[in-house]
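Each remark here refers to the structure printed beneath this line.
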Amino acid sequence: MSGFFYGVALQWKLDIRSRSLLVTCYVVPLIFFLLMGGIFTSVMPGMRSTLIQSIIVMSVSMGAFIGLPPSLIETYGSDISKVYKANGVPVYLGLVTMFLSAFVHLMISCAMIVLLAPVLFEAVLPAQLPIFFLALAIFIMVSLGIGSMLGLTIKNQAKLTMIAQLVFLPSIMLSGIMFPADLLPGLLETAGRIFPASWGYRLMLDHGFCLENLWYLILVFFAAVIVCGILLKKQKS
């Protein structure tokens, strides 16, 4: 157990020095927050009640789909995985430590948004903060699960970048954070429900934490765990 915690702490230190994670978990989401927060609240003053949830969906999606997968490729697509095998280290350790480290970084980034939004843009805080952060934790876990599948499945960095963008952009555009999803054509509105961003957004809204918004996220998370388990088993063999 001590070795596991040492691995998590070591990954945390490595991620702090990672420019990729710094950009995708902190720099770009916070710049988007500072720029778009003012635009959203000026054009649509009523959006102050959902500004925090909207910016957080974008931040989590970027960190999970664009930030995490390249780190997995560096480990499981290189000789590092052979070092794991040679030293008897469980093959899943790299994935678990990166998952937990990214989870903590995204929680910190989202907490900064929650603290700054009411001060900078008079955004409305969630009515029940403990329930909100529970919903946020679930959404982060599900998003990182999908990011883990991308990182373990795709071995080519250029191809990964393209596919990650194909997952990230629809997640943002069709989730309802930019404008109400019911304004979209029926086909696009239905397509938006494939991505966890729309479900996570509704789950984090006031009085949105219910089974109706939760079941799909649970399903996707367990599917991601199973797929990652199969991929790691192939990696081990």
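Every number here is computed from the coordinates shown, using simple stated rules; none is lab data. The structure displayed is predicted, hence computed values, not measured ones. All Cβ positions, glycine included, derive from the backbone under ideal geometry; neighbour counts span all protein chains shown.
Nearest 20 debye, what's the magnitude of the dipole of the chain about its Cα centre given +1 on Lys and Arg Cβ and -1 on Asp and Glu Cβ?
880
With a length cut of 15 Å (Cα positions projected on each helix's long axis) and a Kyte-Doolittle mean of at least 0.5, go through the chain and give me the DSSP H helices that pass.
Once both thresholds are applied, what remains is 2-16, 28-43, 51-62, 93-121, 129-153, 157-173, 211-236.
Ignoring everything except DSSP H segments at least 4 long, calculate the 222 nm mean residue ellipticity for the chain; use -39,500 (n - 2.57) per segment, divide by total residues, nearest 500.
Mean residue ellipticity, 222 nm, calculated: -24000 deg cm²/dmol.
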